[in-house]
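Note sheet for the following structure.
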Amino acid sequence: MKKPIVSAYKTNSLIKYRWSPRAFNERSVEKDKIMRIIEAARWAPSAFNEQPWRFIIGIKGSETYEKVLKSLGEWYQKWAGKAPLLILNMAKKTFTHNKKPNETSAYDLGQAVAYMCLEAMNQGVYSHQMSGFSQEKAISFFQIPDDFEPVSVTAFGYYGEPKELPEDMYKSELAKRIRKEFDELIFTNNFGEKSTLFKK
């Protein structure tokens, strides 16, 4: 199933077709596609080129996969456990060159994950980012050092059968995609002052 955005302005097709399904097929994602997805993340921008992102990759059937899955909340496990690939996304809290706090490490990690998700779409692979996981469990399961923060988990895989989802998730899967209007997001001068940029 495809759910392209209905956009007021033309965008790249990867943005148009990227969305976050919950219905995953258990078919494995090919190794070369996984490598391309990770390669995309490597080339994301970051402050001082710190590249603070780190990833723990769990391929279904492995102990790593099971530990990433167990770190997720129960509601997420119900559907994410079908995805063939779960990646734990982490950010390094300090700069390497001066050991000072890196206040934008999570921001930079987010850019890297966004690159991953767009490249996944380029490979015909869907993704779903999740914040519903236990940092404490992730730290314990993987012995993550203090200088690194687990931030999110991303599921990757091919699209599955939405009818296999629980009813509430099935309805959400079919729901129309929506976004806030420009007036709620874009301001000129003071915060909350509507921009004239998008006035027709």
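The values are calculated or read from the model by the stated rules, or taken from the named source; none is laboratory data. Computed from a prediction, not measured in an experiment: that's the story for all the values here. Glycine gets a Cβ as well: all are built from the backbone with ideal geometry, and neighbour counts include every protein chain shown. Remember, those area values only see protein heavy atoms, side chains included, never the ligands or the DNA or RNA. Shrake-Rupley method; radii C 1.70, N 1.55, O 1.52, S 1.80 Å.
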(request) With a cut-off of at most 16 other beta carbons within 10 Å, and DSSP calling the residue loop, which GluC sites (Glu not before Pro) in the stretch 14-77 qualify? Please list them. (result) GLU26, GLU30
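What's the local net charge at PRO84, with K and R +1, D and E -1, over the other residues with C-beta under 12 Å away?
The answer is +3.
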(message) Let me cross-check TYR17: its accessible surface, 1.4 Å probe, with only protein heavy atoms counted, in Å² to the nearest 10?
(response) 80
(message) Under 10 Å, Cα contacts only: if you run a Gaussian network model on the chain, which one of PRO101, PRO21, PRO150 comes out with the highest mean-square fluctuation?
(response) PRO101
(message) I'd like the accessible area for THR94: 1.4 Å probe, protein heavy atoms, all chains in place, Å² to the nearest 10.
(response) 30
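May I ask you to give the solvent-accessible area per residue for the chain, in square angstrom, as obtained with a 1.4 angstrom probe? Please report the intermediate quantities before stating the final value.
Details: 12110 Å² over 200 residues.
Counting only protein heavy atoms, the per-residue value for the chain is 61 Å².
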(message) Can you give me the solvent accessible area of SER28 with a 1.4 Å probe, rounded to the nearest 10 Å²?
(response) 80
(request) List the extent of the Cα atoms of the stretch 1-42 along each of their three principal axes, largest first, rounded to whole Å. (result) 36, 27, 12
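Net charge near GLY132, counting Lys/Arg +1 and Asp/Glu -1 over other residues with Cβ under 14 Å of its Cβ?
Details: positive: ARG22, LYS70, LYS78, LYS137; negative: GLU74, GLU136.
Local charge sum for GLY132: +2.
At 1.4 Å probe size, put TYR76, TYR65, TYR115, TYR158 in order of accessible surface, largest to smallest.
On the way: TYR76 60, TYR65 0, TYR115 95, TYR158 20 Å².
Largest to smallest exposure gives the sequence TYR115, TYR76, TYR158, TYR65.
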(message) I want to check the label-to-label distance for SER7 and LYS99. Put each point 7 Å from Cα in the C-beta direction and report it in nm to one decimal.
(response) 4.6
(request) State the label only: which of (i) 48, 37, 29; (ii) 57, 35, 34; (iii) 55, 52, 31 corresponds to Cα extents along the principal axes in Å computed from the shown model? (result) (iii)
(request) With a 1.4 Å probe and every protein chain kept in, tell me what percent of the accessible surface of the stretch 66-200 is carbon plus sulfur. (result) 52
(message) At 0.36 nm per residue, and after removing the present C-alpha to C-alpha distance, how many nm does the segment from ALA114 to ASP147 gain when stretched out fully?
(response) 9.6 nm
(message) Please report the antiparallel percentage of the DSSP beta bridges confined to the chain, to the nearest 5.
(response) 100
(request) In nm, give the distance between the simple-model label positions of LYS176 and SER62, each being 7 Å from the Cα along the Cα-to-Cβ direction. (result) 4.2
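Please go through the residue pairs LYS70/LYS163; LYS33/LYS70; LYS2/LYS199; LYS31/LYS180; LYS70/LYS92 and name each one whose alpha carbons sit more than 28 Å apart in this structure.
On the way: LYS70/LYS163 24 Å; LYS33/LYS70 25 Å; LYS2/LYS199 30 Å; LYS31/LYS180 37 Å; LYS70/LYS92 23 Å.
Result: LYS2/LYS199; LYS31/LYS180 exceed 28 Å.
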(request) Assign one of three labels to the stretch 1-89, namely rounded, prolate or oblate, based on the Cα gyration tensor with a ≥ b ≥ c the square roots of its eigenvalues; rounded applies when a/c is under 1.5, prolate when it is not and a/b is larger than b/c, and oblate otherwise. (result) oblate
